[in-house]
Amino acid sequence: MKRSSIPAAVLAELFLLCAVCLLFIWQQSSGQSKMTAAEQNLLYQKDSDSDFIKWVDFNVTCQVLEDAYQYDLDTHGTAIELHWIELLAVLACKNGGNFTRYQTKDMRALADILLSGKETIESLTEGMSHYDYYYEAYSAVLGGMVGNYKIQVAKNASHSEDASLSEEFTWEHRYGLKCFLPIAKNFPYSDYDDFGVSRSYGYARKHLGHDMMGQTGTPIIAVESGYVEAIGWNQYGGWRLGIRSFDGRRYYYYAHLRQNFPYSLDLEEGSVVTAGDVIGYMGRTGYSAKENTNNIDTPHLHFGIQLIFDESQKEGNGEIWIDCYQLIRFLYRNRSETIRNDETKEWRRILDMIDPAAEEYLRAHTE
């Protein structure tokens with residue numbers, strides 16, 4: 001009798017799956033209870049129709065982000081520029097994406113090697129099998145946060161707090177952080193790392209965002225420039241906004257907005273917003289199929305970041321939501337100052353910003 005043969009592609013996939021399973025068993029037995037992000041990614045088979053990242057663990061701490069960002073800022077425009085996402089990806093390769101034992105001297109040692117000219121990012125990462133993965137994953141999280149922009153500066157105000165008293169502004173070209181904390185400046189809030197804790201309303205599930213507790217009516221700020229992809233009522237999030245980054249990789253979710261007056265009045269689906277703009281107001285709506293209902297006990301903003309490497313991941317079982325607590329801590333350095341219009345009862349930013357990414361998007365969609 002002639003034996004039936006197993007296709008080579010099937011054998012290869014079975015071999016890869018077995019290898020990952022053995023690796024997981026070994027880590028469990030050796031006290032390593034959690035696989036790295038790159039190793040988890042191997043659990044998802046790739047083929048010609050789905051060659052994209054299926055999993056990201058973003059465990060980069062605030063201190064690592066600050067150190068990498070400072071090198072990026074300090075070396076911009078010099079002979080050897082250090083780019084923060086590249087620095088983060090290299091260190092992730094060295095520690096398996098686990099930054100719990102990170103020290104600033106680790107970043108300094110890496111920067112010194114590159115600034116000496118003895119190594120380049122290309123030569124340094126030549127043998128790092130997971131570098132491309134970490135670079136793409138971290139670029140998806142941080143890709144729109146640092147770059148060139150123009151911002152208003154009050155001519156006659158020595159401090160930004162006095163900007164509202166000045167009627168004369170000038171524009172400055174800058175390079176650096178062009179994203180903002182989602183809570184307006186001078187408005188108090190409290191938070192902790194609550195990503196992954198259990199939720200029971202509707203069905204048992206994990207909390208895939210970050211809650212920032214504050215006062216009803218607190219102005220909510222666009223973290224990154226983008227366009228409004230979703231606006232309106234959601235049974236779980238109440239009045240909510242979904243803003244997509246221009247590169248399509250990030251979906252920012254702002255939920256539980258204020259009853260009766262949740263959004264800035266001019267917002268609608270498709271609206272383009274600039275980082276730092278007021279987009280809505282903190283509230284406690286949600287947990288109800290009935291629209292405009294306050295069923296949340298404590299006023300807070302539910303803020304979430306979803307990564308999208310392929311549109312099939314936008315909704316369904318393939319969604320990738322990241323823990324953004326450390327990122328929020330990093331963004332605290334950049335808070336948008338606002339002023340209230342007593343006639344409309346709206347808040348608006350004091351100092352406007354021009355983001356080249358928004359200008360490029362608008363040109364492409366108006367031609």
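The values are calculated or read from the model by the stated rules, or taken from the named source; none is laboratory data. No experiment lies behind these values; they were computed from the predicted model shown. Cβ coordinates were reconstructed from backbone atoms using ideal geometry, including for glycine residues, and neighbour counts include every protein chain displayed. What goes into the accessible areas is simple: the full protein's heavy atoms, side chains included, and nothing from ligands, DNA or RNA. Shrake-Rupley method; radii C 1.70, N 1.55, O 1.52, S 1.80 Å.
Here Y281 does not qualify as at pLDDT 95 or above and surrounded by fewer than 18 Cβ atoms within 10 Å (Cβ to Cβ).
Within the option set T344, T338, being open to solvent by less than 30 Å² (accessible area, probe 1.4 Å), farther than 26 Å from V60 by Cβ and either of a type in the set (G, A, S) or more than 19 Å from the chain's Cα centre (by Cα) (or both) holds for one residue only, T338. Every listed requirement among (1) under 30 Å from N156 (Cβ atoms); (2) open to solvent by 50 Å² or more (accessible area, probe 1.4 Å); (3) among the hydrophobic types (A, V, I, L, M, F, W, C) is met by A275 save one, (2).
The set of residues from the range 297-306 being within 23 Å of the chain's Cα centre (by Cα) and not in a strand (DSSP E or B) comprises just one member, P299. In the set (1) more than 23 Å from the chain's Cα centre (by Cα); (2) more than 19 Å from Y281 (Cα to Cα), N294 fails one condition alone, (2).
Annotation: of all residues in the range 157-178 being part of a loop (DSSP other than H, G, I, E, B) and open to solvent by 40 Å² or more (accessible area, probe 1.4 Å), the one that is modelled with the lowest pLDDT is H159.
Checking each residue in the range 136-148 for being open to solvent by 30 Å² or more (accessible area, probe 1.4 Å), more than 11 Å from I53 (Cβ to Cβ) and of a type outside the set (G, A, S) picks out only N148. For E319, the conditions (1) closer than 25 Å to P262 by Cα; (2) in contact with a helix residue (DSSP H, G or I) (Cβ under 9 Å, 6 or more places away or on another chain) all hold with the exception of (1). Within the range 60-70, one or more residues are open to solvent by less than 70 Å² (accessible area, probe 1.4 Å), in contact (Cβ under 8 Å) with a residue 24 or more places away in the chain and touching a Ser or Thr at 6+ places or on another chain (Cβ under 6 Å). Residues in the range 112-156 that are among the β-branched types (V, I, T) and assigned to a helix (DSSP H, G or I): I113, I121, V141.
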